[in-house]
Amino acid sequence: MLDIETVRNGTQGALGSAVYGRLKADILSLRIEPRAVLQEIELGERYGVSRTPVREALRHLLDEGLIERNGRFYQVTELTRDDIRDLYEVREALETTAVRLCIERSDEDAMVKLSAIVDQQADALARDDIAGFSALDSTFHLTIAAASQNAFLLRQLTSTHDKVRLARGREVAKPGWVERVIVEHRRILSALYRRDAAVADAEMRYHINSVVRLHLGLPQQPIGMLD
């Protein structure tokens, strides 16, 4: 199975900036929230470095679409409703391809790993560790992509999930949403265990559509609709 961290670290190593990694982690974990203004001097003080590595980190994050220009400064990107619609249309295509290839190419070890991730996510929820829950959410999906044995697909989904995490604050704030995610992840995992490509595809589409409906303010469909 492809290694997620190898994909991540390969990009970061090419960028050659520890500040990039720390700043990106703070943005993706929402410790620095969408629309927050980023100033080189303040970030230098935050990370204990000069303005030069901060400037380099900001340039790379701008290229990735995680931040944007705001006059003389930068600010963390806030996704609009249209952004989310566009993002999730692409995500659906990538994720459904990932589940199909995962079923075709993965071994039992991948299923065990995915099951452990869902259990860890449930444990994070029980401990009210929302940051951990959010990180594990992306880990679950990227582990499916890694099991697809398609390095290009994994890279594309890794980039997509970086942007997905920018919107995650709205999701976890909705009552009952995080519990729903656990249920949906277990349903996807069940279909993967059974090697049922049609159901896995349908469960993934349903899961992603649920998030879009949340962001658009639409009522959710019953979880058991695919039974």
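The values are calculated or read from the model by the stated rules, or taken from the named source; none is laboratory data. What you see is a predicted model; the values in this text were computed from it and never measured. Because the Cβ atoms are built from the backbone with ideal geometry, glycine has one as well, and the counts that use them run over all protein chains shown.
Things worth noting here:
- Of all residues making up region 188-216, the number that are among the basic types (K, R) and without any contact (Cβ under 8 Å) to a residue 24 or more places away in the chain: 2
- Of everything in region 40-61 that is over 27 Å from the mean Cα position of the chain (by Cα) and over 17 Å from R72 (Cβ atoms), the residue that is modelled with the highest pLDDT is E45.
- In region 137-181, of all residues being at pLDDT below 95 and of a type in the set (A, V, I, L, M), the one that is farthest from C102 (Cα to Cα) corresponds to A173.
- One residue from I208, I144, I130 being within 26 Å of E78 (Cβ to Cβ) and in contact with a Ser or Thr (Cβ under 9 Å, 6 or more places away or on another chain): I208
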